[in-house]
Amino acid sequence: MKKDTMIGVDLAKNVFVLHGASMTGQVNYRKTLTRSQFLKFMAGQPSAVVVMEACSSAHYWSREMIKLGHEVNLIAPQYVKPFVKRQKNDTADAEAIVIAAQRPEMRFVEPRTEEQQARAVLFRSRERLVHQRTELVNALRAALYEYGHAVPQRIGQLKRIEAIVEAPDSDLPELVREECLDLLGVKGFDSMLIRTLITARHQLLKMRLQISNQIRELMKTFGLVVPKGAGSVFERNVRDLLQGEAKLARIVAPMLQAWSDMRIQAELSKQLAAMA
């Protein structure tokens with residue numbers, strides 16, 4: 001169905017600015033809404049093209065807009081900036097988003113699924129942990145260098161650092177030894193805990209994917225094709241197809257419940273982020 005309205009949304013934590021326009025650029029309305037008002041307003045709008053800058057919360061709001069029946073386009077912020085016509089503010093940004101989206105040559109960002117965002121969180125958490133590990137090792141090298149111990153770079157030299165610090169005849173002052181042992185202890189414990197969490201989360205992701213594939217294949221044998229979708233969209237699609245299929249539901253429902261319970265992976269992601 002062809003849509004005749006484009007809504008540019010300047011996202012924020014609490015207040016959203018909307019710029020509604022026709023596909024030819026004629027302004028229909030400008031609105032400033034709170035988070036709760038925004039969802040309520042969009043739920044009452046006819047199907048439209050919703051355009052947002054691809055910021056950190058844009059992927060979440062993309063999924064919410066799709067649930068309401070809207071088409072969503074995300075634009076990289078650097079492609080919006082040239083279309084801000086006056087002093088930068090939220091209203092001007094919302095208008096610039098619409099103007100940029102109407103350019104025929106504009107390139108859009110694909111909205112991420114819940115699973116893709118979860119993997120991105122895990123990747124960023126791991127990256128921060130690697131930086132922290134490097135900082136700890138460099139702090140140890142710097143402390144030892146002050147007492148004449150030159151240790152080369154690279155994480156492989158950690159055993160050499162441990163040998164220097166833990167040597168019975170070490171020439172390091174007791175206070176320095178205690179500090180270095182504390183740093184070595186932090187590194188060892190955190191690494192072990194993070195590896196455990198990451199391994200557990202990977203296993204949950206793999207099991208959840210296997211269960212969703214089994215559900216799709218099982219329902220396909222009964223002539224029911226589950227539409228594309230992930231996360232809550234997948235769960236809703238399956239439950240909709242099971243309406244009126246009591247016998248099949250007895251088999252699929254427990255599998256779907258197990259798949260849903262594995263959302264505990266999100267809690268593991270929060271623990272990883274908190275430790276980073």
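Every number here is computed from the coordinates shown, using simple stated rules; none is lab data. Everything numeric in this text was worked out from a predicted model, so none of it was measured. No Cβ is skipped: glycine too gets one built from the backbone with ideal geometry, and neighbour counts run over all protein chains shown.
Side notes on the structure shown:
- In the chain, Cα pairs under 8 Å separated by at least six residues give a relative contact order of 14 percent.
- Segment residue 151-residue 120, length gained on full extension (0.36 nm per residue, minus Cα span): 7.7 nm
- Taking 7 Å steps out from each Cα toward its Cβ at residue 169 and residue 243 produces label points 8.2 nm apart.
- Site pair residue 262 and residue 2 shows an inter-label distance of 4.4 nm when each label is modelled 7 Å from Cα along Cα→Cβ.
- When the Cα gyration tensor is reduced to axis lengths a ≥ b ≥ c, the ratio a/c is 1.5 or higher for the stretch 29-103, and with a/b above b/c it is classed as prolate.
- The stretch 70-166 shape via C-alpha gyration tensor axes, a/c threshold 1.5: prolate
- Across the stretch 70-153, the mean sequence separation of Cα contacts (distance under 8 Å, 6 or more residues apart), normalised by length, yields a relative contact order of 24 percent.
- With a simple spin-label model that places each label point 7 Å from the Cα along the Cα-to-Cβ direction, the separation between residue 213 and residue 106 comes to 3.8 nm.
- If the segment from residue 30 to residue 90 were pulled out straight at 0.36 nm per residue, it would be longer than the present Cα-Cα gap by 20.5 nm.
- Among beta bridges identified by DSSP and lying wholly in the chain, the antiparallel ones come to about 60 percent.
- Value of relative contact order over the stretch 13-61, rounded to a whole percent, pairs C-alpha under 8 Å and six or more apart: 27 percent
- Gyration tensor (alpha-carbon) shape descriptor, the chain, a/c threshold 1.5: oblate
- Shown is the FRET efficiency for residue 159 and residue 81, computed with R0 = 51 Å from the Cβ-Cβ distance and rounded to the nearest 0.05: 0.55.
- Counting beta carbons within 10 Å around each of 79, 145 and listing the fewest first gives the order 145, 79.
- Summary of packing: across the peptides 148-158, 236-246, the per-residue average of other C-beta atoms within 10 Å ranks them, highest first, as 236-246, 148-158.
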